[in-house]
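Structure record follows, encoded as structure tokens.
The values are calculated or read from the model by the stated rules, or taken from the named source; none is laboratory data. Predicted model only: the values in this text are computed from it and were never measured. Cβ placement follows ideal geometry from the backbone for every residue including glycine, while neighbour counts extend to all protein chains displayed.
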Amino acid sequence: ALERRFSYQRELQQQCRWLTARSDDGSMQGGAAYRRLSSLTLGIVGLGDIGSCIASRATQGFGMRVIGWRRNGSPRESDDASGVSAVYSGNEQLAAFVAEADY
């Protein structure tokens, strides 16, 4: 899967510029660089039932690296099961969590 950068594509469309050719690295000509989701890190705030489900889908479906943040507490067994590779907690680790995540 690839990220789509919808806002950039919309700007190109408004300028009547179209992306038509794919280069060897998978990016499109015309300046639109696509990145494989499997090379990116997804940061999930809140690792309850919904966050764990999203983590599982991101790791299994897209091959993404997933990190999580929770207000308090330490890593749990369910984090490993859902594919979360690192868990941050507390406000003091929030900046490091945000810096590491691509999304």
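Things to note:
- Tally, over region 39-54, of residues that are within 14 Å of the chain's Cα centre (by Cα) and either under 18 Å from Ala99 (Cα atoms) or in a loop (DSSP other than H, G, I, E, B) (or both): 7
- Residue check, Thr59 modelled with pLDDT of 80 or more and in contact with an Asp or Glu (Cβ under 7 Å, 6 or more places away or on another chain): no
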